[in-house]
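The values are calculated or read from the model by the stated rules, or taken from the named source; none is laboratory data. Because the structure is predicted, anything quoted here is derived from the model rather than measured. Quick reminder, even Gly has a Cβ in these numbers, built from the backbone with ideal geometry, and neighbours come from all protein chains shown.
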């Protein structure tokens with residue numbers, strides 16, 4: 001943008017240049033921008049992860065906030081706890097690497113939990129994963145419980161699922 005403005009040989013209409021900060025850490029600059037400061041009708045987003053590369057466009061992004069009904073309870077005597085971890089996936093940047101079909105640890109662990117709960121009731125204690133909102137998560141973990149009578153079935157379902165999806 002600065003080169004375009006400084007090069008007197010380039011003909012262009014009047015321009016507004018918008019430089020924002022902290023976009024990688026949460027769109028801080030864009031979120032706090034007062035739209036009344038801008039008068040332009042056309043926006044050309046110049047975005048790139050690579051020095052010297054001119055990219056017009058943006059991968060975009062969005063936030064989802066959910067409120068789910070939760071009932072808190074302690075583990076019962078007739079329940080066994082399982083810890084499920086997904087570790088060491090490749091991960092990557094949500095814009096730069098999104099087209100590389102990298103496995104998302106959060107999605108993977110959710111699919112495994114869904115597969116297990118289809119045949120037995122499980123109660124989720126912990127579910128967490130990822131380190132940044134703009135990164136494809138490498139790691140995720142869950143802790144859940146099921147009744148002791150279903151523990152063997154739970155292990156079998158997990159082994160069956162993981163044998164169909166090798167590392």
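When restricted to residues that are modelled with pLDDT under 90, touching a helix residue (DSSP H, G or I) at 6+ places or on another chain (Cβ under 7 Å) and within 29 Å of residue 101 (Cβ to Cβ), region 132-167 contains 3. Take residue 142 and tell me if it is part of a strand (DSSP E or B), touching a residue at least 24 places away in the same chain (Cβ under 8 Å) and surrounded by 16 or more Cβ atoms within 10 Å (Cβ to Cβ). Yes, satisfied.
Reported count of residues in region 109-125, each being within 25 Å of residue 92 (Cβ to Cβ) and assigned to a strand (DSSP E or B), is 0.
When residue 114 is tested against (1) without any contact (Cβ under 8 Å) to a residue 24 or more places away in the chain; (2) in contact with a helix residue (DSSP H, G or I) (Cβ under 8 Å, 6 or more places away or on another chain), just one condition goes unmet, and that condition is (2).
Only one of the numbered conditions (1) at pLDDT 90 or above; (2) farther than 29 Å from residue 111 by Cβ; (3) in contact with a strand residue (DSSP E or B) (Cβ under 7 Å, 6 or more places away or on another chain) is not met by residue 56, and that is (1). So, residue 87, is that one closer than 22 Å to residue 159 by Cβ, exposed (fewer than 14 other Cβ atoms within 10 Å of the Cβ) and not assigned by TED's automatic domain parsing to the domain that holds residue 27 or not? Considered against the rule, which asks whether it is closer than 22 Å to residue 159 by Cβ, exposed (fewer than 14 other Cβ atoms within 10 Å of the Cβ) and not assigned by TED's automatic domain parsing to the domain that holds residue 27, residue 87 comes out as yes.
The condition of being touching a residue at least 12 places away in the same chain (Cβ under 8 Å) and loosely packed, with under 15 Cβ neighbours inside 10 Å does not hold for residue 97.
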